[in-house]
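Read the structure below first, then the notes.
The values are calculated or read from the model by the stated rules, or taken from the named source; none is laboratory data. Values in this document were obtained by computation on a predicted structure and should not be read as measured data. Neighbour counts run over all protein chains shown; Cβ positions are idealised from the backbone, glycine included. These accessible areas exclude ligands, DNA and RNA; they are computed on the full protein's heavy atoms, side chains included. Shrake-Rupley method; radii C 1.70, N 1.55, O 1.52, S 1.80 Å.
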Amino acid sequence: MGIPGGRAEASHAIVIGASIAGLLAARVLSDHFAKVTLIERDRLSASWEPRKGVPQGCHIHALLARGEQVLSRLFPGLTADLLAGGAVPVDLANDIRWYQFGSFKVRFPSSLVGLCQSRPFLEGHIRHRVLSLKNVGCRSEAEVLGVLATSDGRRVTGVRVRDRHSAGETCLYGSLVVDATGRGSASPKWLQRLAYPRPRESVIAAKVGYASRTYRRRIEDLNGAKLLVVLPTPPHETRMGAVVPIEGDRWMISLGGVAGDHPPKDEPGFLAFARSLPIADVADVLRRAEPLSAITVHKFPWSVRRHYEDMERFPEGYLIVGDALCSFNPVYGQGMTVSALEAEALDCCLREKGPGLRPYSRSDLGPRFFRKVSSVVDLPWRLAASADVRYPNVDGPRTWSTAIFNWYLTKLHGVTAHDPAVHRQFIKVINLMDPPVSLLLPPLSLRVLQGSLVHRESQHRRP
Ligand SMILES: Cc1cc2nc3c(=O)[nH]c(=O)nc-3n(C[C@H](O)[C@H](O)[C@H](O)COP(=O)(O)OP(=O)(O)OC[C@H]3O[C@@H](n4cnc5c(N)ncnc54)[C@H](O)[C@@H]3O)c2cc1C
């Protein structure tokens, strides 16, 4: 809402939402602002339990290798802390029994390592690091109701906050406000109240559903592998399952379905869904393992990307990050890593020097930031979109280049069953370490085309 004569507190940044994107933004802003305040609707406890504002925390959360690299730079020693707390290191080629497109991926020592842990555990460690910074504070159980702005609406000057206990409302002023409230972000509505148009949106309705439960982990459950993932062959198969190690010697077992084919919450239905996967391995683990939690379900109807970079007018002192900017299909595990890359982009924008090596004025931070993050978001968005539209009843952009890329990827998937070099590069691309175009370049593309001829023989060979 606009308030006449709204004032901004100099060098105070306000971040709305203390989940992954908000915490990472706060970490970066602490290097550039005298004071940073996070405002979070939930109560934040010291224990690593899922919380109401992040319901997806009950489901598997892969941290891509690129995300882990960025987090290690932002928080030196974080990886060691996570490992000490029980996170499980996984060689992304050697330790995973990975069934996709009708065959198991080849296993080999790759030195590409990922960390497996629950989402609340990872968020809890990041939160601890961020809140230990001297100039960062957090108001929890406080809900932001809207933004404050100068009377002409050109500059955001703060937020209106309701304390969830007293229900009292206060105003908090800052020179930068960052919306990190997730996919339900009210920014389009708040901007409309300041007489700005709504941003253009790209939407892909993949209609994903998850059902997850934790189990006691025994080393022998996966015959020496540390992680099992079973993915469908589109367009006829829609169901997937994953058995992922997390802290506390537990498995997080998630079943999922796309195009509206969702796993149920009841135990017999959950087991039947696991049995209906292309191979029986997930059901085999479920049959033996001891459950430690209830089954939780989550529906994710569509991915949405809000194109703030296209807006001709945008208020000064306001940014949008994380799922509030772009909420990805969770199946590809990109959301947290993209939030980390956005935090890096924000840092870069705040450090960038203009002509004559003079620092840029903060007044044009928004356009520079949205341009930069648009290119950060673009590749993962297109990677996910091209996979989603393999399902005919999923609405999304279908182009010739997508069709050719998908034809090629089908060949490539076959070759990843027996060619370590091809599988290694595929892992790097889906972990956002290399761009998708790297899969198309020779000599890799020649290996893919030659290798696809021998793929049939290796199909269904179990490692
Ligand atoms: C089922 C599922 C599985 C996923 N799996 C993966 C995965 O494997 N890997 C991966 O990288 N990503 C995954 N994601 C995505 C990932 O959860 C998000 O990308 C990541 O959490 C970053 O989101 P965020 O911080 O922007 O928003 P969120 O995590 O949604 O957090 C928003 C925060 O804002 C707070 N908030 C909201 N409104 C207000 C308000 N008005 N005032 C104050 N506070 C407010 C909320 O309480 C919450 O804390 C998955 C998502 C889903 C749904």
(request) Measure nothing but the geometry: give the 0 to 90° angle between the long axis through the Cα atoms of 444-458 and the longest principal axis through the Cα atoms of the chain, rounded to 10°. (result) 40 degrees
(request) Quick one: go through region 202-232 and flag any residue whose amide nitrogen is under 12 Å from the point 7 Å out along the Cα-to-Cβ line of SER293. (result) 211-216
(request) For a label point 7 Å from the Cα of ALA421 along Cα→C-beta, name the residues of region 432-448 whose backbone N is under 17 Å from it. (result) 438-448
(request) Mind checking the per residue accessible area of region 207-300 for me, 1.4 Å probe, whole number of Å²? (result) 42 Å²
(message) Given an 8 Å cut-off on Cα distances and at least 6 residues of separation, report the relative contact order of region 207-300 as a percent.
(response) 42 percent
(request) Name the long-range amide H neighbours of ASP434: under 5 Å, sequence gap of 5 or more, or other chain; modelled H, no Pro or chain starts. (result) VAL429
(message) Tell me the per residue accessible area of region 400-458 using a 1.4 Å probe; a whole number in Å² is fine.
(response) 51 Å²
(request) Go through region 30-44 residue by residue and turn each phi into a ³J(HN,Hα) via Karplus (6.51, -1.76, 1.60, θ = phi - 60°); whole Hz please, and just put x for glycine and proline. (result) 5, 7, 10, 10, 5, 9, 10, 10, 8, 10, 10, 5, 7, 7, 9
(request) Mind giving me the FRET efficiency for TRP400 and ARG198? R0 is 35 Å, r the Cβ-Cβ distance, nearest 0.05 is fine. (result) 0.70
(request) Would you mind computing, in nm to one decimal, how far apart the modelled labels at ARG154 and LEU83 are, each placed 7 Å from Cα along Cα→Cβ? (result) 5.3 nm
(request) Any chance you could run the full-extension gain for ILE219 through SER361? It's 0.36 nm times the residue separation minus the Cα-Cα distance, nm to one decimal. (result) 45.6 nm
(request) Note down the nm distance, to one decimal, between modelled labels 7 Å out along Cα→Cβ at LYS52 and at SER276. (result) 3.3 nm
(message) If you count only protein heavy atoms with a 1.4 Å probe, what accessible area per residue comes out for region 1-119, rounded to a whole Å²?
(response) 37 Å²
(request) Express in % the proportion of alpha carbon pairs of region 400-458 at distances exceeding 14 Å. (result) 51 percent
(message) If you fit an axis through the alpha-carbon atoms of helix 119-131 and take the longest principal axis of the Cα set of the chain, what angle between them do you get, 0 to 90°, nearest 10?
(response) 30 degrees
(request) Convert 4 °C to kelvin, take the viscosity as 1.567 mPa s, use the Kirkwood radius over C-alpha pairs of region 25-112 as Rh, and evaluate the Stokes-Einstein diffusion coefficient in µm²/s, rounded to a whole number. (result) 78 µm²/s
(message) Can you compute the FRET efficiency between LYS265 and ARG162 using 1/(1 + (r/R0)^6), with r the Cβ-Cβ distance and R0 = 35 Å? Round to the nearest 0.05.
(response) 0.60
(message) How large is the translational diffusion coefficient of region 207-300 in µm² per second when you combine the Kirkwood radius over alpha carbon pairs with Stokes-Einstein at 4 °C and 1.567 mPa s?
(response) 99 µm²/s
(request) Take the solvent-accessible surface of the protein heavy atoms, probe 1.4 Å, and return the percent of it on region 400-458 that carbon and sulfur atoms account for. (result) 66 percent
(request) Evaluate the Debye formula for the chain with equal point scatterers sitting on the alpha carbons, no solvent, and hand back log10 of I(q)/I(0) at q = 0.07, 0.11 Å⁻¹, in q order, two decimals. (result) -0.37, -0.91
(message) Contact order normalised by length for region 250-336, with contacts defined as Cα pairs under 8 Å and 6 or more residues apart; what percent is it?
(response) 20 percent
(request) Give a residue-ordered list of calculated ³J(HN,Hα) values for region 52-64 (Karplus: 6.51 cos²θ - 1.76 cosθ + 1.60, θ = phi - 60°; whole Hz; x for Gly, Pro). (result) 4, x, 10, x, 5, x, 7, 10, 4, 10, 6, 9, 5
(message) Between helix 20-29 and the chain, what is the angle of the helix's C-alpha long axis to the longest principal axis, kept within 0 to 90° and rounded to the nearest 10?
(response) 50 degrees
(request) Quote to one decimal, in nm, the extra length available between GLU141 and TYR408 on full extension: 0.36 nm per residue of separation minus the C-alpha distance between them. (result) 91.2 nm
(request) Grab the other residues whose beta carbon is less than 15 angstrom from that of LEU133, score K and R as +1, D and E as -1, and report the net. (result) +3
